[in-house]
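K.L.:
Right, I'll just put the structure down here and ask away after.
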Amino acid sequence: MPVLPGAEPYRHEGGEAGVLLCHGFTGSPQSLRPWARYLAGQGLTVSLPLLPGHGTRWEDMALTGWQDWYAEVDRELRALRRRCERVFVMGLSMGGALALRLAARHGEGVAGVVVVNPANKVHGLSAYALPVARHLVRTTKGITSDIARQGVLESGYDRVPLHSAHSLRTFLRLVDGELPQVTQPLLLLHSVHDHVVPPADSARVLSRVSSTDVTEILLEQSYHVATLDHDADRIFEESYAFIARIAPSVGKEGTAAGG
């Protein structure tokens, strides 16, 4: 199937510091592309993969699960580690959960973590019905484009396959159990008004990780997809400042942003 416009993966060869960006559930690299380009413009090596089953049509996603999504970012991290001296992992929503699991499992192989509105749990009574409902109903309404900024849309699916939602629920429970293994410096940014992931998820992440270097930033002007919203520039700048603080040698090492 052809990839949706803007949903293509993004890669940029820069300096010895690398960044892996993970997009969200039913979304695509489009939601993180401005972030990726900003970091590339600072001379970093950047990888923003397209998760399996995403960026085409929801029927393709229905054939995938969390093991496929995690395997993709795990491969990308290993490739970056071969190329770069230090690698940072970052993500939005489910991508935040993917980044946190990478940090938990790779230990010193991850230098730091940045998450924006990280998902920690599938909420509501419907979550408990997923194991049965997924065999009776194929999809439910989509969750993309929760953005306060007028005229900005997120490229993603207008339907959520329930098999995939069930897999997401399983994955988030797995990640929650692994959060105490996250010891790296952590920057967590979350929106005050988020109609997809409640602030309780960020609070849960902050309470569970073992990181001692933790920064929490509230985003007051954005909804869930904050990377395309009013606070986007702040996210980009804060994430680069975070990298520069942890890896002071990072500078304008690479070429201008590509892709």
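The values are calculated or read from the model by the stated rules, or taken from the named source; none is laboratory data. Since the model is a prediction, treat every value here as computed from it, not as a measurement. Neighbour counts are summed over all protein chains in view; Cβ atoms, including those assigned to glycine, are modelled from backbone coordinates with ideal geometry. Surface accessibility is based on the protein's heavy atoms, side chains included, excluding ligands, DNA and RNA. Shrake-Rupley method; radii C 1.70, N 1.55, O 1.52, S 1.80 Å.
K.L.:
Quick check on the stretch 19-33: of everything there that is of a type in the set (A, V, I, L, M, F, W, C) and assigned to a loop (DSSP other than H, G, I, E, B), which residue is surrounded by the most Cβ atoms within 10 Å (Cβ to Cβ)?
P.N.:
Once the filter is applied, the top-ranked residue is Phe25.
K.L.:
So Glu72 ticks every box in (1) in a loop (DSSP other than H, G, I, E, B); (2) open to solvent by 30 Å² or more (accessible area, probe 1.4 Å); (3) under 23 Å from Ser239 (Cα atoms) but one. Which box is left unticked?
P.N.:
(1)
K.L.:
Could you check how many residues of the stretch 172-198 are without any contact (Cβ under 8 Å) to a residue 60 or more places away in the chain and either basic (Lys, Arg) or closer than 17 Å to Gly91 by Cβ (or both)?
P.N.:
2
K.L.:
Moving on. Please verify whether Lys121 is basic (Lys, Arg), in contact with an Asp or Glu (Cβ under 9 Å, 6 or more places away or on another chain), at pLDDT below 95 and surrounded by 17 or more Cβ atoms within 10 Å (Cβ to Cβ), treating the condition exactly as stated.
P.N.:
Criteria met by Lys121.
K.L.:
So Gly43 fits all but one of (1) part of a loop (DSSP other than H, G, I, E, B); (2) farther than 20 Å from Glu237 by Cβ; what number is the exception?
P.N.:
It fails just one condition, (2).
K.L.:
Any idea which residue in the stretch 200-217 is most open to solvent (accessible area, probe 1.4 Å), counting only those that are under 19 Å from Arg234 (Cα atoms) and within 17 Å of the chain's Cα centre (by Cα)?
P.N.:
Glu216
K.L.:
Check His224, His195 and return the single one that is farther than 19 Å from Tyr38 by Cβ and modelled with pLDDT under 95.
P.N.:
His195
K.L.:
Something else about it: With respect to Leu51, determine if the residue is closer than 20 Å to Thr140 by Cβ, among the aliphatic types (A, V, I, L, M) and open to solvent by less than 30 Å² (accessible area, probe 1.4 Å).
P.N.:
It is true that Leu51 is closer than 20 Å to Thr140 by Cβ, among the aliphatic types (A, V, I, L, M) and open to solvent by less than 30 Å² (accessible area, probe 1.4 Å).
K.L.:
Something else about it: Given (1) outside any helix (DSSP H, G or I); (2) modelled with pLDDT of 95 or more, identify the lone condition not met by Ala36.
P.N.:
(1)
K.L.:
Restricting to the stretch 202-235, what's the tally of residues that are assigned to a loop (DSSP other than H, G, I, E, B) and hydroxyl-bearing (Ser, Thr, Tyr)?
P.N.:
Residues meeting the conditions: 5.
K.L.:
Out of everything in the stretch 75-91 that is closer than 17 Å to Ile243 by Cβ and of a type in the set (A, V, I, L, M), what residue ends up being nearest to the chain's Cα centre (by Cα)?
P.N.:
Result: Met90.
K.L.:
Where the second residue is β-branched (Val, Ile, Thr) and part of a loop (DSSP other than H, G, I, E, B) and the first is over 19 Å from Leu153 (Cβ atoms) and lies in the stretch 17-39, which pairs have Cβ atoms under 7 Å and are six or more apart or on separate chains?
P.N.:
Matching pairs, first to second residue: Ala17/Val250.
K.L.:
Could you check how many residues of the stretch 179-191 are open to solvent by less than 20 Å² (accessible area, probe 1.4 Å) and assigned to a helix (DSSP H, G or I)?
P.N.:
Matching residues across the stretch 179-191 total 1.
K.L.:
Just one of Ala79, Ala104 is in contact with a strand residue (DSSP E or B) (Cβ under 8 Å, 6 or more places away or on another chain) and assigned to a helix (DSSP H, G or I); which is it?
P.N.:
Ala79
K.L.:
Search the stretch 228-246 for residues that are touching a residue at least 40 places away in the same chain (Cβ under 8 Å) and pair each with any residue that is among the small types (Gly, Ala, Ser) and open to solvent by 30 Å² or more (accessible area, probe 1.4 Å) when their beta-carbon atoms are under 9 Å apart and the residues are at least 6 apart or on different chains.
P.N.:
Close Cβ pairs (under 9 Å, with a partner that is among the small types (Gly, Ala, Ser) and open to solvent by 30 Å² or more (accessible area, probe 1.4 Å)) amount to Leu228/Ser145.
K.L.:
Collect the residues in the stretch 2-18 that are out of contact with any helix residue (DSSP H, G or I) (no Cβ under 8 Å at 6 or more places or on another chain), part of a strand (DSSP E or B) and open to solvent by less than 50 Å² (accessible area, probe 1.4 Å), keeping them in residue-number order.
P.N.:
Across the stretch 2-18, there are no qualifying residues.
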